[in-house]
1. Of the residues F307, F318, which is open to solvent by 60 Å² or more (accessible area, probe 1.4 Å), touching a helix residue (DSSP H, G or I) at 6+ places or on another chain (Cβ under 6 Å) and over 30 Å from F59 (Cβ atoms)?
2. Which of the residues belonging to the stretch 65-79 are open to solvent by 80 Å² or more (accessible area, probe 1.4 Å) and in a helix (DSSP H, G or I)?
3. State which residue is nearest to K364 (Cα to Cα) when the search covers only the stretch 200-225 and only residues that are open to solvent by less than 50 Å² (accessible area, probe 1.4 Å) and over 19 Å from the mean Cα position of the chain (by Cα).
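The values are calculated or read from the model by the stated rules, or taken from the named source; none is laboratory data. Bear in mind the structure is a predicted one, so any value in this text is a computation, not a measurement. All Cβ positions, even for glycine, are placed from backbone atoms using ideal geometry, and neighbour counts span all protein chains on display. With ligands, DNA and RNA removed, areas are computed over all heavy atoms of the protein, side chains included. Shrake-Rupley method; radii C 1.70, N 1.55, O 1.52, S 1.80 Å.
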Amino acid sequence: MLKSKNNFENILIFFFSIFPLAFLIGNSVINFFIIIIPIFFFILTLKKKIKFNFQNKIFLIMLLFWFSLIVNLFFSQNQSLSIPRVIKIFFIIFLVSAFKYIVFLNENKYLNNIYKIWSIIFFVVLIDLIFEFMVGFNILGFKSYMPGRLASFTGNELVIGNFFSAFCLIFLSYISIKYPKKNNIIIFLSLVLIFVSFLIGERANFIRTFLMISLFFIFVVDYKYKTKLLFIFVIFSLIPLLITNLKDDNIYKSRYFNSISNLFQKNGISIYLNNSQYGAHYDVAYKIFKENKLFGVGIKNFRKESFKSKYENPEHKFKYGGATHPHQIHLEFLSETGLFGYSIFLIFIILSIFLSIKSNLKNKNVFQFSGILFVIFSLLPLIPTGSFFSTYSSGLFWINYSLMVGYIRD
């Protein structure tokens, strides 16, 4: 690993380099990274080993978002559930700032090394997933308890699809930089990544991954647009053939065709929402929002509020919609932070995306572009998402957010 002249900088580079491993180990390790990286960065700032602009736009936008969460604390039904998440966002502000600092450290030499290590880790996961699909368990002996799903290193958690989606574009970006004149490699890897994402069996993450890789291919790979559109068409054509030739094909047909195709029939979305567990979660979240429109019930309080009997819906196939979170990021903010928190969140995220796109139009950085795509597709309505305030899914979001805003020059 390249070394800087500052030991604290070396520590930051080291922890960022192995950060993806935390998501394969567990939430406690993820939280450790989220805390330790900002601490070292904060120490660097206090000791004036580095110059940090506390007036840069992204820092101020994130502060605004954090202050809105502090305001929400005063209206939280159970502050003990909310406070740890608000504290974590404070650390994340400096996590993002630390990454932004490394972006401009010594002409990106250290950052390129970080991307290399991230890509190696992702490639190992990619091979592990293919191995698991072929033999039924991964290289460590972990296997999925659910037919039609892959587990890889996350074991019984079954969240590897989120990890895969979060790092696949970073991997493609690194390969495109390393082999700039070999577009055939990108085409081949894009096909492999889409199919492996499909095999993982997480429908929402597959949809996001497919769309992200398709847009990445269209805007980054140097081919004529007709060739690019042909590529997308071929993918659409091959997926049905893949389903019919896989082992346990009836499971994949059920998970993908039978559920997704129903959305395209008349009143398909309404039928889906009224006959799915996700729809039950959405229904409860909307009811909670209607009763607490201004400030919601408090961050992470959905897990308590949603189980109250008054939210039962006997007309819904799943009349009990209680869960740890609504499984949709927009409904999560509306039910837990109300119109006040949701409005600030929209301001925060829209300004962040706007500034990032404006920056990317100038620097054409593929890593920043991959971060932009991931953040945008993480915010799609209706499609189920992890909790924005959970450790695992939010950690992956903030890594890509860091890529998105890290290249913005103050």
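1. Numbers: F307 fails: touching a helix residue (DSSP H, G or I) at 6+ places or on another chain (Cβ under 6 Å).
Being open to solvent by 60 Å² or more (accessible area, probe 1.4 Å), touching a helix residue (DSSP H, G or I) at 6+ places or on another chain (Cβ under 6 Å) and over 30 Å from F59 (Cβ atoms) holds for just one of F307, F318, which is F318.
2. To start, the set of residues in the stretch 65-79 that are open to solvent by 80 Å² or more (accessible area, probe 1.4 Å) comprises 67, 74-75, 77, 79.
Listed by number, the residues that qualify are F67, Q79.
3. V220
Residue by residue, here is whether (1) in a helix (DSSP H, G or I); (2) of a type in the set (K, R) holds:
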| position | (1), (2) |
| --- | --- |
| Q55 | no, no |
| V86 | yes, no |
| F91 | yes, no |
| K100 | yes, yes |
| F137 | no, no |
| T154 | yes, no |
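Every residue, every condition in (1) at pLDDT 95 or above; (2) not hydroxyl-bearing (S, T, Y), yes or no:
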{"residue": "S4", "(1), (2)": "no, no"}
{"residue": "L21", "(1), (2)": "yes, yes"}
{"residue": "I30", "(1), (2)": "yes, yes"}
{"residue": "K47", "(1), (2)": "no, yes"}
{"residue": "V86", "(1), (2)": "yes, yes"}
{"residue": "L105", "(1), (2)": "no, yes"}
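Residues are listed down the side, and each one gets a yes or a no for (1) touching a strand residue (DSSP E or B) at 6+ places or on another chain (Cβ under 9 Å); (2) open to solvent by less than 40 Å² (accessible area, probe 1.4 Å); (3) at negative phi:
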| residue | (1), (2), (3) |
| --- | --- |
| L126 | no, yes, yes |
| E132 | no, yes, yes |
| G136 | no, yes, no |
| L140 | no, no, yes |
| Y145 | no, no, yes |
| G148 | no, yes, no |
| L158 | no, yes, no |
| F164 | no, yes, yes |
